[in-house]
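Heads up: the structure comes next, in structure tokens.
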Amino acid sequence: MKFETVILIIIWILMAVVLWRLVPRHKIIDAHISFLFMQVITWFFGTLVVENRLIKYPVRFLDYAYKASFSFEYYLYPSISALFNLYFPKKHSWMSKFFYIVSYPTVITVIEVLLEKYTNLITYIHWTWYWSWITLLVTLLISYRYYIWFLKKIKRDNI
């Protein structure tokens, strides 16, 4: 088994444990809303980036069916987005919110750059780390706005 495949398996298992531990029972539907919405976004952007030969994923699951990283686009990043939305510091200061918002894309981008440099999981072709950071930031904010809108709509419609 390839080193990269082991990393992918570990990521799947680790994220399942993280979700199981960090998503409260009463917030499971909220997590699903965030998760599914981010899958729509990542399907679009992931396909766009790969089809335009900006990024390549040499080692990936379902390589015969999908050129982008199924693990990242359909599982890992939607899971991270769900956690981002569930734990967003709504009642904190703007400074706390700012650091919360920039910490997620920063940590993900640092990990992505390390994976790009030391593994065969991702290869930047016509891409750089700051494009990853920007797209992660924008998609997380879009997901959060959708999440807030959806929850307000549900509450309004149930009254």
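The values are calculated or read from the model by the stated rules, or taken from the named source; none is laboratory data. Here the structure is a predicted model, which is why all the values come from computation and not from measurement. Don't worry about glycine lacking a Cβ; one is built from the backbone with ideal geometry, like all the others, and counts go over all protein chains shown. SASA here: full protein model, heavy atoms, side chains in, ligands and nucleic acids out. Shrake-Rupley method; radii C 1.70, N 1.55, O 1.52, S 1.80 Å.
Under 16 Å between alpha carbons, and skipping anything fewer than 8 positions from Lys155 in its own chain: which lysines qualify? Here the lysines satisfying the reach criterion relative to Lys155 are Lys27. Measuring only protein heavy atoms, the 1.4 Å probe finds Ile41 accessible over about 20 Å².
Trp12 contributes an accessible area of around 70 Å² to the protein surface, as traced by a 1.4 Å probe with all chains present.
Counting charges near Asn85 (Lys, Arg +1; Asp, Glu -1) among other residues having Cβ under 12 Å from its Cβ returns a value of +2. Accessible-area rank, largest first, for Leu54, Leu140, Leu48: Leu48, Leu54, Leu140, with all protein chains present and a 1.4 angstrom probe. The Cα atoms of the chain define a convex hull whose projected area, averaged across directions, is 10.4 nm². Relative contact order, whole percent, for the chain stands at 30, derived from Cα pairs under 8 Å and 6 or more residues apart. Distance from the Cα centroid of the stretch 117-159 to that of the stretch 8-80 is 11 Å (rounded to whole angstrom).
Bridgeable aspartates and glutamates around Lys152 (alpha carbons under 14 Å apart, same-chain partners fewer than 8 residues away excluded): Asp30. Helix 129-157: angle to the longest alpha-carbon principal axis of the chain, degrees 0 to 90, nearest 10? The angle comes out near 30 degrees. Taken about its Cα centre, the chain carries a charge dipole of about 640 debye when Lys and Arg each add +1 at the Cβ and Asp and Glu each add -1 at the Cβ.
Straight-line cross-link reach from Lys117 at under 16 Å between alpha-carbon atoms covers these lysines, not counting any fewer than eight positions away in the same chain: Lys56.
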